[in-house]
1. Does GLU245 satisfy the condition of being in a loop (DSSP other than H, G, I, E, B) and more than 22 Å from PRO133 (Cα to Cα)?
2. Hey, can you tell me all the residues within region 30-76 that are touching an Asp or Glu at 6+ places or on another chain (Cβ under 8 Å) and of a type in the set (Lys, Arg)?
3. Of everything in region 219-253, what is surrounded by 21 or more Cβ atoms within 10 Å (Cβ to Cβ), aliphatic (A, V, I, L, M) and either without any contact (Cβ under 8 Å) to a residue 60 or more places away in the chain or farther than 19 Å from LEU172 by Cβ (or both)? Give them in sequence order.
4. Which residues, taken from region 307-321, are modelled with pLDDT of 90 or more, surrounded by fewer than 18 Cβ atoms within 10 Å (Cβ to Cβ) and among the small types (Gly, Ala, Ser)?
5. Tally up the residues in region 270-319 that are aliphatic (A, V, I, L, M) and under 15 Å from the mean Cα position of the chain (by Cα), please.
6. Only residues that are on the phi > 0 side of the Ramachandran plot and at pLDDT 95 or above: list them for region 65-91, please.
7. Can you tell which of ALA94, ALA114 is at negative phi, among the small types (Gly, Ala, Ser) and modelled with pLDDT under 95?
8. Scan region 87-110 residue by residue and report those that are surrounded by fewer than 21 Cβ atoms within 10 Å (Cβ to Cβ) and in a loop (DSSP other than H, G, I, E, B).
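The values are calculated or read from the model by the stated rules, or taken from the named source; none is laboratory data. Here the structure is a predicted model, which means the values were calculated and not measured. In this analysis, Cβ positions are derived from the backbone assuming ideal geometry, glycine residues included, and neighbour counts consider all displayed protein chains.
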Amino acid sequence: MRSAMKIALFTLSACGPALCLAQTYPSKPVRFIINFPPGGPTDIVGRMAADTLSRSWGVQVVADNRAGAGGNIGAELCAKSAPDGYTLCMFTVAQSIAPSIYSKLPYAPLKDFAHVTLLATLPSLLLTHPSVPAKNVKELVALAKARPGVLSYASTGNGTSPHMLMEMFKMLAGINMVHIPYKGAAPAMIDQISGQVEVAFSTAIAALPYVQQGKVRALAVSTRERFPPLPDLPTMEQAGVKGFEGSSWNAVVMPAGAPREIVTRINRELAKLMRAPETRERMTAMGGIAIGSSPEEFVAYLKADMERWAKVAKAAKVRLD
């Protein structure tokens, strides 16, 4: 009996607090906050990550959709959660945009989170309802100029990438359209398919099935390079909107102060998932580009993206106070 106790005490003292924590984690279900509604791209990618961690750990990772305010409600909830390693959160391009358009933001994207990994980038498609008499970007610009303030466009919420991409488009093309914000990609797409709104930027991961079914028409892709599943679709720049480039993205964060060894472990598992050939193929088919970065690479990417959208917000005079 004494020998067994000595061995146990020696093991505990030898592994150290950090190593022991990593070895025993997780010992209970983990909450995974997804800051957009079910059915949209953030939900799709988030649940993929949650399912992978659940299978790897043998412990339930519970997806918790907390939508609203362009993802800011879920982000704030994440920032204010206990940094004990049992709260994971989705983070999106909306959180890199928010500091530039809100004078009062209840979280700081760089300071209030432990940054785990950039999961994927998500090219966006410029879409129109089939009833819109514009077959390409040039024709859409001409139509919008002929009907200033008449065409409406959907977004996934104020300050989200579909909103800011359209503001960039309006600014560069010299057009005016009416903004109709929704609480996520799924409700926005429902109204565009029905013809309630005529135009939108939507992530390819949310829009691709409807493009392929002919329910919406894709005019261009938002990124600098063409989108592999739609190789004949031009980029916005190729379609005549010079200087246009932007995309959405999904990442994972934890509350600031989360144990570094746990952040490292989760990063390792999610990066392995996103770098696997089968994941890359699945993401491409769905409409995304799998990444799986290190925490440091993600922070650098976030800083650069915040600078990009700050310039757009200032030039387009977008404020949401």
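1. Yes, satisfied.
2. Residue satisfying the conditions is ARG31 alone.
3. Passing the criteria: ALA251, VAL252, VAL253.
4. ALA310
5. Within region 270-319, residues that are aliphatic (A, V, I, L, M) and under 15 Å from the mean Cα position of the chain (by Cα) number 9.
6. Of everything in region 65-91, just one residue is on the phi > 0 side of the Ramachandran plot and at pLDDT 95 or above, namely GLY85.
7. On inspection, the qualifying residue turns out to be ALA94.
8. Selection gives TYR102, SER103, LYS104, LEU105, PRO106, TYR107, ALA108, LEU110.
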